[in-house]
Amino acid sequence: MEQVVRTSLEGDIGLIVLDNPPVNAAGHGLRAGLVAALDRLVAEPAVKVIALYGAGRSFIAGADIREFGKPPRDPWLPEVCNRIEDCAKPVVAVLHGAALGGGLEVAIAAHARVAIRGVALGFPEVTLGVLPGAGGTQRGPRLAGVAAALDLITTGRRIGAEEALALGLVDRVAEGDPRTVALAAARDVLDGRLTARRTRDIHIDPDREALETTKQTLLHTQAHLFSPHACVEAVAAATLPLPEGLAKERQLFQACIDSPQRAGLIHAFFAERAVAKIPEAAATPRPVTRIGVVGAGTMGAGITTACLLASEPVVLIDSAPEALERGAAAVARNLDGAVSRGKMTPAARGAIRLTTATTLDALAGCDLVIEAVFEEMDVKTATLRGIETICPGAVIATNTSYLDLNVMAETLADPRNFLGLHFFSPAHVMRLVEVVVADATAPEVVATGFALAKRLKKIAVRSGVCDGFIGNRIMSAYRRAADLMALDGTPIDAIDAAVRGYGFAMGPFEMGDLAGLDIGWAARKRQAATRDPATRDHGALADRLCEAGWLGRKTGCGWYDHSGDTPVPNPALPGLLREIQQAERITPHILDADEIITRYETAMIAEAARVVEEGIARYPIDIDAVFLFGYGFPRWKGGPMHRADEIGAAALVARIARLAQDDPKGGWQVPAILHCMAREGGSFAGLNIGR
Ligand code: 3HC
């Protein structure tokens, strides 16, 4: 405890330094240490003012979210904040790095605040499914007003020192190291140049209009979430005397803590960070100063844009001059869009370093080259060989979605330099990159892939080699379940609506039309020879659409007819369906939304379990990250493996057994890992331990 919070005296100034690496989370040690430090300095007669600051990279990043859901340990953060506010000697807080959530709550319970330029302040609790539960909903409005506090608390947005000053959340902006600033601020409090006051004493005007507007907006935009609405209710209590408002805040905070959404959102927070912990983490990434991209189609242009947005120099190659021109124009459009959305400054736009060429020679000098050419093994291997000849020793990546990397690697002179970097379309927007590790890939090449993804501000997830890697392989399984439901008579728009109701932005048929039905058609043709004859041909209906030239939005029609203002199911579907149902002796039956979701989710979880079982994903949490950041899985549900644990292995085994009985050729099989968990106990979360 002594190490986490230390005190020292500088004349009549008592200093408290918080030192709980890496981010000064307000865990039990910090909370108890802070109270003990206050007691010590209050009892010290020489001390006239107390200054509080953080060692390391931040003031306080918030409550320790690893403690959420565990039995609480005294003192709680709200009590710590009350102790600070009640302190008989003035307390000034100096904020640097991050003063977020509970960190900002500690600060606004102090009697004065100085923000060091560069600090990020905010109440991100809502993004974790909770609300500021240590007085933030009560003291925040007292300092910044109800409307501004509502904005910060319901959006979780982070602000800088200047905005915090303008809002009244801090009293001064300073430069310098936290200790020096703390000493100066404490001296100014003593000399009356910095006013110390208790936030609880500030009068607050009710703002019914702001409350009602925010409430209505959230009902419209975030009806499915729990905590944003609780945030509004808590802020509404800020006009009460502080103890009453705090009691209301505590009750609402506890309700958030108990919500499964909180567990899902916090799992998602850790998933984002866990995926970086790879076995190759100790390897030194190769330096990358010039990136090559081969293939100027949608993926190549998107990858090029992603690199340019991160100020990386790129050489973009396409052997077809028209394709190169189209690709370069798409990159320019993407960058202009980024500027207009404020994602890139006009100066950075002007400084991009892009070279285009129609021959691979222009790649000379590149230390990492990504091929994004046509998804055809021979085309890919010829390109890879060409790249290796021009750039010997460079890291060579394929952006293939499905093809076997080990087969590709055989054609290279040095397969240790080769890996998969599977971007998701649109590649300059989607955050996920699967880093696919082939048998011969060298550890430092894997580390280079992760380092590049980080520079591009993407989330990299390590995957082994299999058809579709982690994401597309699992997607094929639940797509298949959706296709079978449609073949059996459930309307495609009912399936899409149920999947949207679950929290995805789009249903599988809407997504199919957006991506183009020819992608799945090609995959089915490729897999036809190896298809298990004991399972049903789920693609029969989609094949008929493709044969008729209905390939989705790009042809104006696919599963849906897109010619009108709103898409309607393709009017030809009932006729096509009847033919297939008659030929395959299917008795039509329509499933309700619950059963649709049961099948969709169970197919996803079962395949995900197999992906873990086979070691394609090293940890279940990697799969959750893939789905959260690449497939639009609802963040508040945590990911398919997190959901599997919520449902429980025994219930999943029973579900799959029931579905196998309902549809014996539907491909429903219990993965061995689920059988084992159901029999012996255990969970996917348990397999993440050590991550
Ligand atoms: N609790 C526990 N661990 C935390 C944490 C927290 N609040 N914040 C960060 N960490 C951990 C991360 O998991 C990571 O651990 P790892 O090294 O084992 O993977 C480590 O600290 C470093 O974090 P980052 O990799 O995210 O470091 P960055 O420098 O990129 O970012 C940060 C730093 C901006 C502070 C970022 O970590 C962050 O946004 N943290 C969460 C802030 C937050 O949401 N605070 C509110 C918490 S809820 C609350 O306060 C409730 C209160 O109202 C009662």
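The values are calculated or read from the model by the stated rules, or taken from the named source; none is laboratory data. These figures come from a predicted structure and were not determined experimentally. Glycine gets a Cβ as well: all are built from the backbone with ideal geometry, and neighbour counts include every protein chain shown. The area values use the complete protein model at the heavy-atom level, side chains included, leaving out ligands, DNA and RNA. Shrake-Rupley method; radii C 1.70, N 1.55, O 1.52, S 1.80 Å.
Hey, any idea what the orientation-averaged projected area of the convex hull of the chain's Cα atoms comes to, in nm²? The partial results should precede the final answer.
On the way: hull surface 131.4 nm².
For the chain, the mean projected area of the Cα convex hull comes to 32.9 nm².
Can you compute the modelled spin-label distance between residue 614 and residue 216, with each label point 7 Å from Cα toward Cβ, in nm?
5.3
List, largest first, the extents of the alpha carbons of segment 68-146 along their principal axes, each in whole Å.
The Cα atoms of segment 68-146 stretch 33, 30, 25 Å along their principal axes.
Relative to the Cα centre, what is the charge dipole magnitude of the chain, using +1 at the beta carbon of each Lys and Arg, -1 at the beta carbon of each Asp and Glu, and rounding to the nearest 20 debye? Let's see the in-between values first.
Numbers: 72 positive and 81 negative charges, 242 e Å.
Charge dipole, the chain, about its Cα centre: 1160 debye, nearest 20.
Placing +1 on the Cβ of each Lys and Arg and -1 on the Cβ of each Asp and Glu in segment 495-643, which of 588, 623, 504 has its Cα farthest towards the positive end of the resulting dipole?
Value computed over the given set: 623.
If you plug each phi of segment 552-558 into the Karplus form 6.51 cos²θ - 1.76 cosθ + 1.60 with θ = phi - 60°, what whole-Hz ³J(HN,Hα) values come out, in order, with x for Gly and Pro?
x, 3, 5, 10, x, 7, x
So for each of 627-634, 245-252 I average, over its residues, the number of other beta carbons within 10 Å; can you give me the resulting order with the highest mean first?
Working: 627-634: 22.8, 245-252: 19.9.
The packing order, highest mean first, is 627-634, 245-252.
Have a look at 281, 245, 227 and report the one farthest towards the positive end of the charge dipole of segment 201-283, computed about the Cα centre with Cβ charges (Lys/Arg +1, Asp/Glu -1).
281
Report Rg(Cα)/(2.2 N^0.38 Å) for segment 236-351, keeping two decimals. Provide the component values of the computation, followed by the final result.
Details: Rg = 23.7 Å, N = 116, 2.2 N^0.38 = 13.4 Å.
That ratio works out to 1.77.
If each DSSP helix of 4+ residues adds -39,500 (n - 2.57) and the sum is divided by the residues in the chain, what number results at 222 nm, nearest 500 deg cm²/dmol? Present the calculation step by step, with values, prior to reporting the outcome.
On the way: 29 runs with 335 residues, N = 691.
Result for the chain: -15000 deg cm²/dmol, rounded to the nearest 500.
Heavy atoms only, probe 1.4 Å: what % of the accessible area of the chain goes to carbon and sulfur, would you let me know? Each step should come with its number before you reach the end.
Values: 15730 of 28460 Å².
Solvent-exposed carbon and sulfur of the chain make up 55 percent of the total.
List, in order, the whole-Hz ³J(HN,Hα) value for each residue of segment 256-267 obtained from phi through the Karplus relation with A = 6.51, B = -1.76, C = 1.60 and θ = phi - 60°; use x for Gly and Pro.
Once rounded to whole Hz, the list reads 5, 4, 6, 6, x, 5, 4, 4, x, 5, 6, 4.
State the extension gain, in nm to one decimal, for the chain segment bounded by residue 240 and residue 534, taking 0.36 nm per residue of separation less the distance between their alpha-carbons. It would help to have the intermediate numbers written out before the result.
Numbers: separation 294, 0.36 × 294 = 105.84 nm, distance 6.74 nm.
My answer for the length gained is 99.1 nm.
When DSSP beta bridges are limited to those with both residues in the chain, what percentage is antiparallel, rounded to the nearest 5?
Values: 15 of 61 bridges.
Antiparallel bridges: around 25 percent, rounded to the nearest 5.
Quick one: of 343/457; 277/458; 277/454; 70/458; 70/215; 343/454, which pairs are farther than 20 Å apart, Cα to Cα?
Numbers: 343/457 12 Å; 277/458 15 Å; 277/454 13 Å; 70/458 32 Å; 70/215 31 Å; 343/454 17 Å.
From the list (343/457; 277/458; 277/454; 70/458; 70/215; 343/454), the Cα-Cα distance tops 20 Å for 70/458; 70/215.
Provide the per-residue ³J(HN,Hα) series for segment 188-196, in order, calculated from phi with Karplus coefficients 6.51, -1.76, 1.60 and θ = phi - 60°, each as a whole number of Hz, with x at glycine and proline positions.
5, 5, 5, 8, x, 7, 10, 7, 9
Measuring from a point 7 Å past the Cα of residue 522 along Cα-to-C-beta, which residues in segment 554-588 have an amide N at less than 17 Å?
Only 554-555 pass the distance filter.
So for each of 316-323, 521-528 I average, over its residues, the number of other beta carbons within 10 Å; can you give me the resulting order with the highest mean first? Walk me through the intermediate numbers first.
On the way: 316-323: 18.0, 521-528: 14.9.
For the peptides 316-323, 521-528, the packing ranking is 316-323, 521-528.
Pop a pseudo-label 7 angstrom from the Cα along the beta-carbon direction at both residue 180 and residue 414 and give the gap in nm to one decimal.
Computed distance between label sites residue 180 and residue 414 equals 4.8 nm.
Can you work out the FRET efficiency for the pair residue 665 and residue 3, with r the C-beta to C-beta distance and R0 = 51 Å, to the nearest 0.05?
0.20
Place the peptides 285-295, 336-346 in order of packing, highest mean first, counting for every residue the other Cβ atoms within 10 Å and averaging per peptide.
Working: 285-295: 21.6, 336-346: 12.8.
Ranked from most to least packed, the peptides come out as 285-295, 336-346.
Quick one: plug the Kirkwood hydrodynamic radius of segment 313-466 (C-alpha pairs) into Stokes-Einstein at 25 °C, 0.890 mPa s, and report D in µm²/s.
On the way: Rh = 16.2 Å.
So the translational diffusion coefficient is about 151 µm²/s.
To the nearest 20 Debye, how big is the dipole of segment 490-619 about its Cα centre, given +1 on the beta carbon of each Lys and Arg and -1 on that of each Asp and Glu? Each step should come with its number before you reach the end.
On the way: 14 positive and 20 negative charges, 86 e Å.
Rounded to the nearest 20 debye, it is 420 debye.
Would you mind working out the accessible area per residue for the chain, using a 1.4 Å probe, and quoting it in Å²? Working shown, then result.
Details: 28460 Å² over 691 residues.
Result: 41 Å² of accessible area for each residue.
Nearest 20 debye, what's the magnitude of the dipole of segment 145-211 about its Cα centre given +1 on Lys and Arg Cβ and -1 on Asp and Glu Cβ? Intermediate values should be presented prior to the final figure.
Numbers: 10 positive and 12 negative charges, 56 e Å.
Using Cβ point charges on Lys, Arg, Asp and Glu, segment 145-211 gives about 260 debye.
Report, ordered by chain and residue number, the aspartates and glutamates lying within cross-link reach of residue 48, taken as a straight Cα distance under 14 Å and ignoring same-chain residues fewer than 8 apart.
Leaving aside aspartates and glutamates fewer than 8 places away in the same chain, those within reach of residue 48 are 10, 12, 39, 188, 191.
What's the center-to-center distance, using Cα atoms, between segment 650-675 and segment 549-578 in Å?
33
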